[in-house]
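The values are calculated or read from the model by the stated rules, or taken from the named source; none is laboratory data. Computed from a predicted structure; not experimentally measured. Because the Cβ atoms are built from the backbone with ideal geometry, glycine has one as well, and the counts that use them run over all protein chains shown. Accessible surface areas use protein heavy atoms only, side chains included; no ligands, DNA or RNA. Shrake-Rupley method; radii C 1.70, N 1.55, O 1.52, S 1.80 Å.
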Amino acid sequence: ARHRSMDESGNYVIRDAFRDVLDKFPVGSRVIVKGDLFTNSLRYLQQCEGRRTDVELVDQAMLTYRWFVRVQGRNFPSFAWPGTHYHPFEETGFSMRDLLLANLGAGRKPVFMLGGWNPQDPSVPGSYVHVPWGVADLVAPAEDPHERWDGSIWSWHKECEERELRPRVSGLPGHHAGDRWEAVVFSDSCDIPAKEALHFLNHALANGDDLRALEMAEGMMSDHVEAGLRVKPHHYRNLGIARSRLLTHPVHN
């Protein structure tokens, strides 16, 4: 009786969005994934559609099991494993910093994260940072977040624009409401401009209130807030910080 209202046969929101996410990784990328939505969606595309199998996807949660590296490690030939399992507080285990130290460096394939750091692992802050890459993030050394782009935040921004990293999110308005998985994808997609604006803001604050970066951060965040798509409290806060810095900037005034 309720088939018409419950019919999901035309719902391809998750498939279409994650096709875009997967396709935008550089050839041979390594991606550390966390969370059911990200992990299962990308695994489906690789295993069932044979899509972008050059990208190595490692499940952050599975790395915590002692058997995973021993049994499955050979299936990720581009990764080096600095211990038996992912656990920063157990003997023979490794932290996320250990894993990144073993896998990042000149000439190595890039490492991305999708789903964020493990908040219980204190090893990363100060050593590595996230550089926005659509809904994912490129992992980079804290001392030079833009080393992939010869140290230029503007080259990073240009590549992001050229690659069109925001995934297309189709579907009916009802697909984007409530606590559905589709709503999560829609929210994450809407948040990309705010992520990039925050990256410019952090860069400006870390480099003596760099005026050009401040203006970019303020402009991007203003556009995001005015668009009104999934605007969150911290977006207003970041916009306020950017505007206050510009108002007191001697060159800007």
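Can we say N207 is more than 17 Å from the chain's Cα centre (by Cα) and of a type outside the set (D, E)? Here the answer is yes, as N207 does meet what is asked.
Table: residues versus (1) under 29 Å from D16 (Cβ atoms); (2) surrounded by fewer than 15 Cβ atoms within 10 Å (Cβ to Cβ); (3) modelled with pLDDT under 95; (4) hydroxyl-bearing (S, T, Y).
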{"residue": "E49", "(1), (2), (3), (4)": "yes, yes, no, no"}
{"residue": "E56", "(1), (2), (3), (4)": "yes, no, no, no"}
{"residue": "W67", "(1), (2), (3), (4)": "no, yes, no, no"}
{"residue": "W81", "(1), (2), (3), (4)": "no, no, no, no"}
{"residue": "T84", "(1), (2), (3), (4)": "no, no, no, yes"}
{"residue": "E90", "(1), (2), (3), (4)": "no, yes, no, no"}
{"residue": "L99", "(1), (2), (3), (4)": "no, no, no, no"}
{"residue": "A102", "(1), (2), (3), (4)": "no, no, no, no"}
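Every residue in the range 88-147 that is in a loop (DSSP other than H, G, I, E, B), out of contact with any Asp or Glu (no Cβ under 9 Å at 6 or more places or on another chain) and of a type in the set (D, E, K, R), please. Of everything in the range 88-147, those that are in a loop (DSSP other than H, G, I, E, B), out of contact with any Asp or Glu (no Cβ under 9 Å at 6 or more places or on another chain) and of a type in the set (D, E, K, R) turn out to be E90, E91, R108, D121, E143, D144. Among the residues of the range 111-150, what is the count of those that are farther than 24 Å from D98 by Cα and of a type in the set (G, A, S)? Residues flagged as farther than 24 Å from D98 by Cα and of a type in the set (G, A, S) within the range 111-150 amount to 1. From the set of residues in the range 126-169 that are aliphatic (A, V, I, L, M) and farther than 21 Å from D16 by Cβ, which is surrounded by the most Cβ atoms within 10 Å (Cβ to Cβ)? The residue in question is V139. Being at pLDDT 95 or above, loosely packed, with under 15 Cβ neighbours inside 10 Å and not polar (S, T, N, Q) holds for only one residue in G178, G219, G228, and it is G219.
Restricting the range 1-18 to residues that are in a loop (DSSP other than H, G, I, E, B) and open to solvent by 40 Å² or more (accessible area, probe 1.4 Å), which is farthest from Y44 (Cα to Cα)?
For the range 1-18, the residue satisfying everything is A1.
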